[in-house]
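The values are calculated or read from the model by the stated rules, or taken from the named source; none is laboratory data. This one's a predicted model, so the numbers in the text were calculated from it and none came from an experiment. Here the Cβ positions follow ideal geometry from the backbone for every residue, glycine too, while neighbour counts run over all protein chains shown. To get the accessible areas, we keep the full protein, side chains included, count just its heavy atoms, and leave off ligands, DNA and RNA. Shrake-Rupley method; radii C 1.70, N 1.55, O 1.52, S 1.80 Å.
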Amino acid sequence: MIALRPGRWLTTSAVLALLAVTGWLSRTTFVTVPLLQERLPAPLLIAIAVAAVATTPLHETFPDLVRTLPRARTVHALGVGAVLVLACASMYPALATSTRGTVDQQVALPLFLLLLGVALVGVALFGRATPLIVLALGLTTLPVMTAPGNPVTATLAALPDVVAATMMLGAAALLLARGPRREHAR
Amino acid sequence: MTAIRAWALRSSAGWLFGGLCVIVAAVIVSRSGWQWQGQWAVSWGAGTSIVLSPLLAGVVAFDVHRFLTPGLRLLTASAQRGARSVVALVVVLTVAAAVPWFAGMSTTSVRAAATGAPPLMTTWLVYVALGVAVLGAAASVGLLVGTLVPHLLAGPAAAALVYVGPILVLPLGLQGILSVGGATGPTYGMVPNPTVVAATLAVNLSLMALCSVAALGRLGLRPSFGKALPIALVIVLAVSLVALVSSDPRTRSLTGTTDVVCTGTSPETCGPTDASAVLEVASRDLEDASSRLTAAGFTFPDEYALDAPTMPADETRGLLFVDPTTLQGDHMSEWDRGLTLATPAACPEFYGDAVPVELLDAQAALSLWFVAALSTSEDIAPTDPDTVAAVSTLDALRACDSSALPDWDYATR
């Protein structure tokens with residue numbers, strides 16, 4: 001428990017659990033979003049939120065201390081695996097039982113997998129600003145993908161889930177290879 | 001100034017500015033059509049605040065969490081000008097977000113002016129004031145969340161709050177809180193409703209002040225006026241929220257004007273003054289089309305009125321349908337042109353409770369025929385059976401007389 005608290009696992013798990021419940025309750029809901037003509041399926045918003053939050057525990061907590069630990073790499077690899085499991089489990093209630101009739105509903109899963117991939121790469125390259133970068137990408141995607149004749153929705157809809165999942169796993173491999181970005185000690 | 005300069009260098013302002021420039025450009029170019037109406041162009045340009053505000057709140061919370069460490073908070077609280085340092089951080093980040101937002105709105109305004117649809121200066125100034133208030137309020141919410149949540153998730157939490165908050169209050173009739181503009185269609189003949197604008201400004205400004213006071217209090221920087229200011233701000237916020245909810249119509253931020261402009265001669269196209277750019281396009285296209293069709297025996301009304309909420313409809317004028325998003329270069333889409341030509345009168349039946357099925361079916365068939373006939377450069381034969389039936393259909397639609405419609409199965413062939 002002592003290791004979990006500074007590693008942000010408890011808070012992140014609690015937020016992800018809350019998002020999972022919200023995703024389950026709103027799995028068939030369409031919400032009115034400003035700047036968009038049509039209503040959006042709630043799982044799209046849940047996908048962005050889960051991708052932004054899930055990788056929070058992977059950032060370095062005690063940069064100097066971690067490098068002295070003999071099993072730091074193993075713990076980090078376990079952490080990446082745990083994050084993937086947590087993220088997918090949190091997203092499952094919103095996607096598994098929702099009808100995927102509209103294009104906006106179909107793109108929720110590939111969008112989630114790609115944003116999660118960006119988040120994993122972000123931990124390695126951008127550091128602690130990663131959740132905000134994922135949010136920025138996700139929130140910008142919404143108005144762009146709902147514009148008539150835009151290529152983003154068509155690309156996401158045409159992207160097989162397996163390919164998106166592979167890209168996400170590739171991002172995880174990159175993070176495992178590079179490790180989290182070193183933050184400046186305060 | 002020293003604090004401003006220091007935070008400009010140390011904070012995330014540079015990244016925020018660069019990222020938001022890209023986001024503003026991506027959102028603005030994602031749709032077209034707004035350049036044909038000044039009000040829509042300003043609203044669309046200002047609408048990027050719907051993405052910018054949450055990100056600004058998130059970055060402010062992130063930087064507050066990152067820089068205002070417990071040690072620094074103690075130092076700030078004991079410093080004579082501690083509050084100024086915290087406010088300087090928020091100001092720097094707000095300016096970094098406001099500049100791309102303002103540049104985006106100015107770009108759409110200039111583009112609309114170049115198309116011949118410049119926005120009204122009063123409308124433009126209203127959106128500038130609303131935008132500044134909204135971004136300030138979003139930054140203050142970020143400051144408060146950053147001081148309350150001692151966690152890396154403070155940034156995403158603030159961003160989520162500012163993004164989801166306006167969505168959650170929409171059903172209550174509350175628009176314009178933490179976001180401004182974002183029209184996705186033309187609002188011909190409409191100007192901002194002064195009551196709603198004043199209430200929206202008051203809500204956002206009081207929210208900004210309240211969050212700032214609460215955050216500074218949390219940091220141990222309690223202002224000298226005690227509890228009087230927070231109480232006054234809560235009262236102002238409550239009163240302005242009530243004023244915003246009770247505005248009539250409560251969710252309409254725009255109100256209609258009666259100024260009308262007409263262009264062209266044969267036929268003349270009329271509409272609200274801020275629709276003059278699309279009226280000119282329509283007038284040219286309808287003139288070309290009607291000159292070809294008149295030679296084949298068609299008789300069109302002398303005037304078409306734009307199908308807009310502020311335009312009175314009557315039987316002596318045709319209805320003009322122009323969707324700016326489908327304008328191809330400087331021409332109407334063939335479907336809009338066909339539908340307009342096939343609607344030579346705004347029949348009262350169109351606005352009644354019962355659906356005038358026969359009139360609408362005839363209008364649809366005639367519209368299809370016009371699209372097909374005008375898509376070729378060949379002359380239209382006046383004696384062709386379809387041409388004869390089309391002429392009779394147009395005459396019946398002009399008279400709003402369903403009993404005079406010929407038995408014509410063009411649409412179902």
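Tell me yes or no: at least one residue of the stretch B:173-189 is hydrophobic (A, V, I, L, M, F, W, C), open to solvent by 30 Å² or more (accessible area, probe 1.4 Å) and either in contact with a helix residue (DSSP H, G or I) (Cβ under 9 Å, 6 or more places away or on another chain) or away from every other protein chain (no Cβ under 13 Å) (or both).
no
Could you check the stretch B:157-198 and list, in sequence order, the residues that are farther than 20 Å from A:Leu135 by Cβ and in a helix (DSSP H, G or I)?
B:Val169, B:Leu170, B:Pro171, B:Leu172, B:Pro194, B:Thr195, B:Val196, B:Val197, B:Ala198
Which one is nearest to B:Asp323 (Cα to Cα), of the residues in the stretch B:17-31 that are facing chain A (nearest Cβ under 9 Å) and in contact (Cβ under 8 Å) with a residue 12 or more places away in the chain?
Among them, the one singled out is B:Arg31.
Go through (1) in contact with a strand residue (DSSP E or B) (Cβ under 8 Å, 6 or more places away or on another chain); (2) open to solvent by 40 Å² or more (accessible area, probe 1.4 Å) one by one and return the number of the condition B:Leu9 breaks.
Condition not satisfied by B:Leu9: (1).
Being farther than 30 Å from B:Thr184 by Cβ, assigned by TED's automatic domain parsing to the domain that holds B:Gln175 and out of contact with any helix residue (DSSP H, G or I) (no Cβ under 9 Å at 6 or more places or on another chain) narrows it down to one of B:Thr69, B:Thr76, so name that one.
Step by step, each of B:Thr69, B:Thr76 is checked, and only B:Thr69 is farther than 30 Å from B:Thr184 by Cβ, assigned by TED's automatic domain parsing to the domain that holds B:Gln175 and out of contact with any helix residue (DSSP H, G or I) (no Cβ under 9 Å at 6 or more places or on another chain).
Residue check: is A:Leu114 modelled with pLDDT under 95 and more than 14 Å from chain B (Cβ to nearest Cβ)?
No, not satisfied.
Count, please, the residues in the stretch B:370-413 that happen to be among the β-branched types (Val, Ile, Thr) and open to solvent by 40 Å² or more (accessible area, probe 1.4 Å).
Summing the residues that are among the β-branched types (Val, Ile, Thr) and open to solvent by 40 Å² or more (accessible area, probe 1.4 Å) in the stretch B:370-413 gives 4.
What is the one condition in (1) more than 22 Å from B:Leu55 (Cα to Cα); (2) of a type outside the set (Lys, Arg); (3) more than 14 Å from chain B (Cβ to nearest Cβ) that A:Ser26 does not satisfy?
Status for A:Ser26: all satisfied but (3).
Would you check if A:Arg8 is under 18 Å from the mean Cα position of the chain (by Cα), facing another protein chain (nearest Cβ under 9 Å) and at pLDDT below 90?
So A:Arg8 fits the description; yes.
Check every one of the helices (runs of 4 or more DSSP H) wholly within the stretch B:40-126 and list those with 1 or more residues that are at pLDDT 95 or above and facing chain A (nearest Cβ under 10 Å).
Hits in the stretch B:40-126: B:49-67.
Kindly check whether there is at least one residue in the stretch A:29-43 that is within 12 Å of another protein chain (Cβ to nearest Cβ), at pLDDT 90 or above and in contact with a Ser or Thr (Cβ under 9 Å, 6 or more places away or on another chain).
Within the stretch A:29-43, not a single residue is within 12 Å of another protein chain (Cβ to nearest Cβ), at pLDDT 90 or above and in contact with a Ser or Thr (Cβ under 9 Å, 6 or more places away or on another chain).
Residue check, A:Leu174 against (1) more than 14 Å from every other protein chain (Cβ to nearest Cβ); (2) crowded, with 20+ Cβ neighbours inside 10 Å, all met but one. Which one?
Every condition holds for A:Leu174 apart from (2).
Filtering the stretch B:366-404 down to residues that are touching a Leu at 6+ places or on another chain (Cβ under 8 Å) and in a loop (DSSP other than H, G, I, E, B), which residue is modelled with the lowest pLDDT?
Here the answer is B:Ile380.
Can you find a residue in the stretch B:199-207 that is in a helix (DSSP H, G or I), at the interface with chain A (Cβ under 10 Å from one of its Cβ atoms) and free of Cβ contacts under 8 Å to residues at least 40 places away in the same chain? Please lay out each step first, then the result.
Pass one, the stretch B:199-207, residues in a helix (DSSP H, G or I): B:199-207.
Subsequent filtering for residues that are at the interface with chain A (Cβ under 10 Å from one of its Cβ atoms) retains none.
Checked the stretch B:199-207: no residue is in a helix (DSSP H, G or I), at the interface with chain A (Cβ under 10 Å from one of its Cβ atoms) and free of Cβ contacts under 8 Å to residues at least 40 places away in the same chain.
What is the number of the single condition among (1) closer than 20 Å to A:Asn150 by Cβ; (2) touching a residue at least 24 places away in the same chain (Cβ under 8 Å) that B:Val60 does not meet?
Only one criterion in (1) closer than 20 Å to A:Asn150 by Cβ; (2) touching a residue at least 24 places away in the same chain (Cβ under 8 Å) is unmet by B:Val60, namely (1).
For B:Ala198, indicate whether it is surrounded by fewer than 19 Cβ atoms within 10 Å (Cβ to Cβ) and more than 17 Å from B:Val64 (Cα to Cα).
Yes, satisfied.
Out of the residues in the stretch B:343-369 that are open to solvent by less than 60 Å² (accessible area, probe 1.4 Å) and aliphatic (A, V, I, L, M), state the one that is farthest from B:Asp409 (Cα to Cα).
Restricting to residues being open to solvent by less than 60 Å² (accessible area, probe 1.4 Å) and aliphatic (A, V, I, L, M), the top hit is B:Ala346.
Does B:Ser12 satisfy being facing another protein chain (nearest Cβ under 9 Å) and touching an Asp or Glu at 6+ places or on another chain (Cβ under 6 Å)?
yes
B:Tyr410 passes all but one of (1) more than 22 Å from B:Ala345 (Cα to Cα); (2) in contact with a helix residue (DSSP H, G or I) (Cβ under 6 Å, 6 or more places away or on another chain); which number fails?
(1)
Can you confirm whether the stretch B:26-36 contains a residue that is in the same structural domain as B:Pro100 (by TED's automatic domain parsing), within 30 Å of B:Ala113 (Cβ to Cβ), surrounded by 24 or more Cβ atoms within 10 Å (Cβ to Cβ) and among the β-branched types (Val, Ile, Thr)?
So far as the stretch B:26-36 goes, yes, one or more of its residues are in the same structural domain as B:Pro100 (by TED's automatic domain parsing), within 30 Å of B:Ala113 (Cβ to Cβ), surrounded by 24 or more Cβ atoms within 10 Å (Cβ to Cβ) and among the β-branched types (Val, Ile, Thr).
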